[in-house]
Structures are given as C-alpha cells and as structure tokens.
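Values quoted throughout were computed directly from the atomic coordinates according to the rules given, and no laboratory measurement underlies them. What you see is a predicted model, and the numbers here were worked out from it, not measured in a lab. Counting neighbours? That spans all protein chains shown, and the Cβs are built from the backbone with ideal geometry, glycine included.
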Amino acid sequence: MSYLAHNTKFVPTGFRKVLYLNWPVIILLSAVACAGFIMLYSVAGGSPDPWMEPQVKRFILGLVLMIGVGMVPIWFWRNVAGVAFGVSVMLLVAVELFGAIGMGAQRWIDLGFMRLQPSELTKITLVMFLAAYYDWLPTNKTSHPLWVALPVVFILVPTALVLKQPDLGTALLLLMGGGAVMFLAGVHWAYFATVIGAGVGTVYAVFLSRGTPWQLLKDYQFRRIDTFLDPGNDPLGAGYHITQAKIALGSGGWTGRGFMQGTQSRLNFLPEKHTDFIFTTLAEEFGFVGAFSLLVLYILIIVFCVASAMNNKDRFSSLLTLGIAMTFFLFFSVNMAMVMGLAPVVGVPLPLVSYGGSAMLVLLVAFGLVQSAHVHKPR
Amino acid sequence: MKRPVRDLEQSSRRIGRRALLLGSAQLGVAAALGLRMRSMQVEQADQFRLLAEENRINIRLLPPARGLIFDRNGIPLAENEQNYRVVMVREDAGDVDEVLARLQDIVALDPANIERAREDMRKLSSFVPVIIADRLLWEDVAKININAPALPGVSAEVGLSRRYPYGADVGHVVGYVGPVSDYDLSRIDDQDPLLQIPKFQIGKTGVENKLEHTLRGSAGTKRIEVNALGRVMRELDRQEGVAGKDIQLGLDERLQSYAQARMDGESSGAVVIDLQTGDLRAIASAPSFDPNLFVRGISVKDWTDLNENKYRPLAAKAVQGAYPPGSTFKMVTGLAALNAGVISPEETVYCRGYTVVAGTRFHCWKRAGHGNVNFHDSLKYSCDCYYYEVAQRIGIDKMAEMARTLGIGVKHDLPLSAISTGLAPDKQWKLEVRGEDWRIGDTVNAAIGQGYVLASPLQLAIMTARIATGRVVTPRLVKSVDGVEEPSGIGEPLDINENMLRRCRASMNAVINEKRGTGARAKVITAGYEMAGKTGTSQVRRITAEERARGVISNDDLPWERRDHALFVCFAPVDNPKFAVAVVVEHGGGGSTAASPIARDIMLQALYDGPPPLDAYPSADRARIEEQQARIAQRITQIKPAQDRV
C-alpha cells in the first residue's frame, strides 16, 4: 500500500475532484476530436451522416466515462489492474475461438450498443498491469533476469494472440507500449540493447543472406517483404493506396485546397478515407498548416501527460500515465508515418480522429486513468 | 509491503530521467513527421498537385465536323448526317433483360447487336453507356423517347456520320470515309490526336482521302473531372475544335449522274473538261459502287459482288484505266509530223490497204485502201497507212514528246485515289523497262495508238482540250476550298504551230460533219453546237495473217473480253469550244458505234446544261434518243429517292 506512504491530506474528495482534473488534456483531446468531426463531415460529402454523428455521440459518452474513471481513486485501478489484464487476455482467446468457429477473422465482441475489440482493450490493460507490476516489485529487483522475464511473458502472450488475428499494427503497438513501460520502470539498459541489437542483427542477416546459397527465407517471402516495405514498386496493386494517399497529402500545399474541396478524397481516389487514411484528407483540405497543427495538438497532449507523470511521486501513477501517453504517441505517429509513406501500411487508426467506436472509447477510458492519477496524486 | 521513502524518491527520479529520454525520442519522431509533412506539402506540393489534377482530370477530344464536299452548283456530294443511336447505362437500367425486351417490342433491333451490347455491359463498368443500336430512323428515336419512362437507362444520342446523297454516281470521285485502322496509322505519319479516337472516320479513297487534312479540321477538347472509378463527375471546360473546310468541286453533279446513267450497262469511262476553266465537269466510270456501303461497314456479300463483277466496279476507269488509244492517237502522230515539218498538210501518201515495213505487213482498217490521202483526209477517214508513213519519217521520240505535250504519258496531279500515268513510249523507255532495242515496227504500231501506247480517258480528254484550245489545259477537280477559288486550269499556249493545230481541228470537224467521216454517227444538227472529234477502236488481240485472209472475225462473234475497245474524243462547239469529252467503252466494239453516241449525248447534256432538245439530233436518231432520254430520266429519279432515306 505504497500510496499510504504519502501524505494524503491534500487529496481532493467528492465533487471537488472536478477542479483537480487535468483540464488542459481534456481540452486538447476535445480539440483533436473536433478536428475529427470536421473531417468526418467532409469525407461524407458534407453530411453528418453516416460518420460524424455517431462519432460525436460516442465522444460525449467517452468524455463522461473518462471523467467518471478519473473520479475513481487511482489505488482502485491499481488493485483491479491484474483482473483487467486477465479478462482482456481471456477475451482475446475467446475472440480467437469464436473467430475460428465463425470461419472468419473476427476481432470484436458485440456488446449490443457497440462492438468491443479486445485488442484495443488489451493495449490499455497491458500498460496498467505492467505499471502495477513494477509498483509491486521492489526497485532493486527490477533488473533481475527472473523479474524481467515475467513482464516479457506478459507482453508476448497478448501480442502473439493479436498477431494471430492477424493484426500486425496492434501487435507492434502492444510490443512497443509494453517495452516502453519496462524501460520507464528502470529495467537495465543492457536488456534493451540486447533485444534491439538481436533484432537488427537478425533482420540484417536475413537480408544479407538474400541471393546466397544459405539464404534464410524463400524468394517469394523476400518479394513479399519488398512490397511491404516499398509499396511504390507495385503502384497499381498494394502501392495504389499509399501512392494516392501521398498525392492527396502533398497536393494540399501550404494552406490546403479548402474545406470539402479535396479532390482526392471527394472523388474516391483515397482508400479508407474515414478511418486509417483520414489524416490525408485533413492534410489535403487544410494543407501543411492544418496537418502540422494537428501534430502540435497531439504533442501537447503528450507533453501535459509527461508533465503530470513527472510531478507524480506515486510509482504506479507515473508509469501508467507515461505508458498511456506512449501508447497514444505510437498510435498517431505510426498512422502518420504510414500515410506519409514512411512506414509500411499496417492498420493503425489516427486516435480520436478516425471513425471507430471502440478505439475512441478505450482511448478516452485510458485518459480517464490518466485523470485519476492526476487527481489523486500525493500532494 | 512498506517501502522506504529514499527508495521511492530514487525510483521517482529514475522514472523522471527515463521519461525525459523517452519524451525526447518522441519529440524527435514528431519532428521527423513534421519535416516529412513540410517536405511533401511545401517543397513537393506542386508536383503532388499536378499528380492530383492528372488523377481527376481527363481530357476528351471533341471530333470536329468534317468539311462538306459540293459540286460546282452547290449540290452536296458528301454531307454529315445526324446519326441516331441508342445507348444504355447498366446501373440506371436495373433489370437489363427486362428493359432490352421492352425496347425490342418498340423498335426492331438486330439480335447480334443486342448480344454484343450484353457482352459489353458485362465487361464494362456499370455506368459506361453501351451502344445498343446505331443508325436508327428518326421515327424509332421518337418512339424510344416517348416510351422513356418504361426504359430506364436507355437514351438516344446524336452523332454525325458521313453520307453521300448521290451514292454510286460520285463514288469514284468523292470516295468514302471509314474508321481509322492500325494499317492506316502505320502508313501515315500523322500526329493528330484525333486519329487515336477509336473508330474515328478518315478518308479512305478519292477526294475524301487525298484532301483529308483540308476536310478533317482540328480537334476540340473537353476537360472532365472523373472519380477513381472513371465516372464522369462534371465537365470543367470545353474548347470547340475547328470544323473541316468545305470543298467545292468543279464537278457538275447533274452531268455526272447523267453520264453514269448513260453508260449504265457498259464497262466504260468518260471525262468532260470545261475549256474555260479546266474544270472536270464529269469523271464517270461505269459501273460504279455506292460509297455509303463502305461508311456503314460493307457486308461480305456486297464486297464479294463488287470484286467478282467482271466489269470491275471498284476501278475508276475514267482516270485509272489505261487503254491503247487507237486512232484517237492519230492527232498526236499527225501533229508531231506536221509540227516538225516532215510532211506538209497537203502532201499525200498512197494507201493501198497495207504498208510493208521491215518485211511485215501493216494493214489499214480499210482492206481496199484509201488511195492518195493528205492529212485532212487521213484523219477524216482514219487512214492507218498515212500514219505508218509519217511515223517512220518523224520517229518515235518526237511522237512521244508530242504525246506528253498533249498530256498523254504524263501523270496529272488530281486528288483522286489512282491516277494512271498512261504511257508515251520512246526508245529509252523500252531499253530501260523492257531491256530491248526499239524497233521500227513498234513505231508503226504506236503511230495508230496501238502497241505500247496507253492512255486514260482523262488523258484523252486533256489531249482533246489542248488541241481545241491550243493552250496547256490542266485539269482542275477542286474549284474552291472554303470559298477560296483555286487557280484556273487554262495555261500558256502550247508549243505547237497554231496553223497546224487549226488544220487538226478542221480535220476533226470533218470526221463528224463531213460526208463519209468516220464519226458521222455523232453528228449534231443544231447550228453553233456542232462537235469535232475522232473515233478510235483499239485491238486487245492480235489478228493473225490467217484470220485476216479468212476475214477478220466480227466483234459481235467474239467473247466480251476479247472485243475491241471503243474510244471517242470530241470537243464542241467547233468554232468556240466549251467542252472536251473523251469516252472509252471497254470491249465496246467500234469507236464510231459504241463510243461516239455516248460522247455526243454527254456533250449535248453539257452544252445545254440539261437534257438537249431532240432537234439537236439528226432526224433518224430522234425516236431512239427520245426513248433513251426517258429511260435515263427515270433511272436518275429512281435512284435519288431511294438514297434520300435518313
């Protein structure tokens, strides 16, 4: 009960908690969501149907949930972290089984009013659980091999399940989010250096072996990797989407083509224009000014979260806040890099902007945890 | 579990350090993203903007209206008619089969076209209009429009297609258009983007082909916005093309149709030259073909019929045919001799029915011989021996030179598909082409337009025109382009002694208008309309000595393709020539019997600018002529309405 070790007399109670919420983060999140509403209105050809209206409703619901979660004391969340993680892993397994029975890649569970993707949930519960784990673990054991191996297993189990769906984007996010929490908790440098070194070495060896008698992959596998890494090689196939996305983005210029004037999205040259590729529409219609402003909003959210975490002496709170910020960062940076042609196309939505219910709700609940940590920090 | 405060503070500091580190890494990544945005949206913006425009904007060509072709009186010979077609858009139609069935109830449709349309609709995107039927009647279009509510997705479109109102009468001259083929593209060096339009119509033969660039015009453009599937969203702007220029020919459609009708049933060619301008008033070749058949895409049956006809309808005999000119060549031989002074006009040559040259007998057409003949009589009676004699005196090279001066053996530059050069042979030609030395017998044959000499009806008409006017008459087919008159075809005086030319004309007058002249059958009674001319009969077979001894087989007893060609050239009126006419009837028999009546009828038609009065003809001919005129008038009126269908 490390929380009790702090002086708790300044922790606000009752509705006074509202005053102690991290309001800048709430305002920034709302601003980003509003940008999303505008874009969803635009890509629907100037209509709140079919995307903007449900998105607004879900955002309001999410906002209420976020504040609700933020009101609940942080120690409660730490105590349920293990259960939450266990449940989300079980849900992943369940989806895997039902998906197999349904003869398709089913990634979600129907809750009636929304479809919940356990993989979305797992991103948050994993961070939560690892934060709780490192709060529980005495700091001097952090870098002990046994105590390092345990969280690695915690990360790899859901990662493997998600990868099997297959959802490469989420798998990468889980891996990197989890790794970030371990890094923040103070696991020794050497572990990370080894893993990164081994990874780079393996990739290098694989590519070096190409064309030699002892090559490690089959030729067609290499070709698949080529297309994956550089879709431009295949402009009418896999590369078509990314090429069109780049054209849309680049043609925006400084100030963009104007609201609802983006030809690439209006004339359907863009793929997935309301989900994964919504950033290209924004960049096309509002130009560099609009796109860069959105990036700044995202960065400000991260900055406020990091500031909140560094002002929080509670170990669980800090790790949780930083872990969620990192996950959030991975979301938008991978999405932006993807649509700008810097990263391969993996299905990662732009947080709070892309159309999608469960991702937004889960994200807002996660920020509710950040709020809870902020409100209940030891003063 | 209790934790010392010192431990907590240490942990907090470590988290802070690592958070800063990770935060910096995040900022670094964010900076990279920002830079990438800048590079794409600011530095490469123009390039991407261009790509976006290329994506969305398609440029469609607007084919210009093709220039029209008129005759000298403004009668359209080639025009653009509105062509109605029915198109169907699958996505608007809903149940395609149902709509097609209803459409078939309303108008008769070719099942083969329907099948092809179904196929197209299966293959193409659902919004692409597919042509169901082409060249519909206006009544059918009206029916479809009335029933539009029952025919979702079906609409009628209007396009332009080429039509030749006078059909076969001008087929050889005007030619026809057809869709541009890969063969055309490989053959012509033309960068015009219009040619890339599928099925774009270009001139394939005749004036349509030779004056393609004048008639075609230049393309307009239409910029349209399309979406990713290629669906047209809207038209951004359009720039109309320049329509092709109209062409007026020197041709007289009524005279042309008359000539075609007059020669109906023969395999022949006739050319009428206007001696005031050089205009080709008629270039008739019989039989002819209907160019409209080719525009629509000729059927195998029609094509086979045209090709297997022994009269060769596809050959433009008036300009393309090359025939031994026979006695019509005697003016060339005679003028060459007179002009060179090897014989005086009054000097006589004795004709005993044959001449022996280098051991070979060359016969005069009259076995008994003509006795003493001077130049005038030689032409009037068409005595062969006279020409055998003068030809030997002057030699082939001088004769060939005279032939070329008069337009034979020279290629005349006309915008027609196949122009025969004919042949005015000389020693050098024989050596070069045949690799043999010229022999005196060749000269003797050439003297009467046999042997190697070849001329087209056009060349014979030019020869006659030049003799009649004494000037270099250049035939003119195109009278004006876009209202701008072409230069006249009447040129400098010929390099021939005018006195000799006058004698030649007088002798040609005698051929027709003096007693016992060979062309007396072509006599015109009306004063001031008299014709001068020359008959010609050219052999296409060799008459052996044995046959000659037995008696030459009459043309009537020979199969068609072995009969003599009948030729006739003339000009009129004698004292003030207005027209020159040349007629060649393939395997027609004698020039005086087969060719001269045709030439006279065409000439009178030209002189009177319509059907001549019967009293222009000798009284003996009038009954026959009256009947013939009625027949021809009927034929002309019969053909016209049939072709006037929309």
Sequence ranges A:73-80, A:347-354, B:586-593, B:101-108, ranked by mean other-Cβ count within 10 angstrom, highest first = A:347-354, B:586-593, A:73-80, B:101-108
key: Approximate spin-label separation residue B:546-residue B:91, in nm, with each point projected 7 Å along Cα-to-Cβ   = 8.4 nm
query = What FRET efficiency comes out for the pair residue B:527/residue B:196, r = Cβ-Cβ distance, R0 = 60 Å, nearest 0.05?
reply = 0.45
remark   = Between the alpha carbon centres of segment B:440-458 and segment B:196-237 the gap in Å comes to 51 Å
Net charge dipole size for chain A [Lys, Arg +1 and Asp, Glu -1 on Cβ; Debye, nearest 20] = 900 debye
query = Once phi is turned into ³J(HN,Hα) by the Karplus curve 6.51 cos²θ - 1.76 cosθ + 1.60 with θ = phi - 60°, what whole-Hz value does each residue of segment B:263-275 show in order, with x for glycine and proline?
reply = 8, 3, x, 9, 10, 7, x, 9, 10, 10, 10, 7, 7
query = Pulled fully out, how much extra length does the chain show between residue A:64 and residue A:255, if you take 0.36 nm times their separation in residues and subtract their Cα-Cα distance?
reply = 65.3 nm
query = What 222 nm value per residue comes from the helices of chain B, counting each DSSP H run with n ≥ 4 as -39,500 (n - 2.57) and dividing by all residues, nearest 500 deg cm²/dmol?
reply = -11500 deg cm²/dmol
request  = Apply the membrane-span-like helix rule to chain B: whole DSSP H runs, Cα extent along the own long axis of at least 27 Å, mean Kyte-Doolittle hydropathy at least 0.0. List the helices found.
outcome  = B:5-38
request  = Have a look at segment A:2-375 and give its Rg and Dmax from the Cα atoms, expressed in angstrom.
outcome  = 21.6, 71
remark   = One computes Rg over Rh for chain B from alpha-carbon atoms, with the Kirkwood Rh, and obtains 1.25
message = Straight-line reach from residue A:273: which lysines fall under 22 Å, measuring Cα to Cα and dropping same-chain residues less than 8 apart?
response = A:57, A:246
note = Once phi for every residue in segment A:332-338 is put through the Karplus expression 6.51 cos²θ - 1.76 cosθ + 1.60 (θ = phi - 60°), the whole-Hz ³J(HN,Hα) values, with Gly and Pro written as x, are 6, 6, 5, 4, 5, 4, 5
ask   = By a straight-distance test (C-alpha under 15 Å), which aspartates and glutamates pair with residue B:301 as possible cross-link partners, with residues fewer than eight away in the same chain excluded?
value = B:290
remark   = Here the gain from full extension of residue B:562 to residue B:39, 0.36 nm per residue of separation minus their alpha-carbon distance, amounts to 179.6 nm
note = Cα-Cα longer than 28 Å, checked against A:164/B:123; A:17/A:313; B:310/B:398, kept in input order, equals A:164/B:123; B:310/B:398
ask   = What net charge do the residues around residue B:476 carry, taking every other residue with its C-beta under 12 Å from that of residue B:476, with Lys and Arg at +1 and Asp and Glu at -1?
value = -2
task = For segment B:138-295, please report how many Lys pairs fall under 25 Å Cα to Cα, leaving out neighbours fewer than 8 apart on the same chain.
result = 6
ask   = Check residue B:202: other-chain or 5+ apart residues with amide H under 5 Å from its amide H, H built from backbone geometry?
value = B:178, B:180
query = Taking Cα atoms of segment B:382-533, Rg/Rh with Kirkwood Rh, to two decimals?
reply = 1.01
message = Under the rule of at least 5 residues apart or a separate chain, name every residue whose amide H is placed under 5 Å from the amide H of residue B:476.
response = B:279, B:280
key: Estimated FRET transfer efficiency (residue A:342, residue A:79; beta-carbon r; R0 45 Å; 0.05)   = 0.65
request  = Check cross-link reach from residue B:578 to the lysines: straight Cα distance under 25 Å, and skip same-chain residues fewer than eight apart.
outcome  = B:317, B:330, B:380, B:411, B:479, B:515, B:523, B:534
inquiry  = Let me confirm one metric for peptide B:26-37, namely the mean number of other chain beta-carbon atoms within 10 Å of its residues' beta-carbons.
reply    = 6
In Hz, Karplus ³J(HN,Hα) per residue of segment B:522-532 (6.51, -1.76, 1.60; θ = phi - 60°; x = Gly, Pro) = 9, 5, 10, 7, 3, 5, x, 10, 4, 9, 10
query = Could you state the principal axis extents of the C-alpha atoms in segment B:1-108, from the largest down, to the nearest angstrom?
reply = 115, 44, 8
remark   = Of all C-alpha pairs within segment B:60-249, those more than 24 angstrom apart amount in percent to 51 percent
ask   = Along the charge dipole of the protein assembly as shown, Cβ charges K/R +1 and D/E -1, which of A:147, A:279, A:374 sits furthest on the positive end?
value = A:147
request  = Enumerate the amide H contacts of residue B:69 below 5 Å, restricted to partners 5 or more residues apart or on another chain; note that Pro and chain-start residues carry no placed amide H.
outcome  = B:77, B:78, B:247
note = P(r) of the protein assembly as shown over all Cα-Cα pairs, 10 Å bins starting at 0, rounded to whole percent, reads 2, 9, 14, 13, 10, 8, 7, 7, 7, 7, 6, 5, 3, 2, 0, 0
query = If each Cα of segment B:454-587 is one equal point scatterer, what is log10 of I(q)/I(0) from the Debye formula at q = 0.17, 0.22 Å⁻¹?
reply = -0.99, -1.26
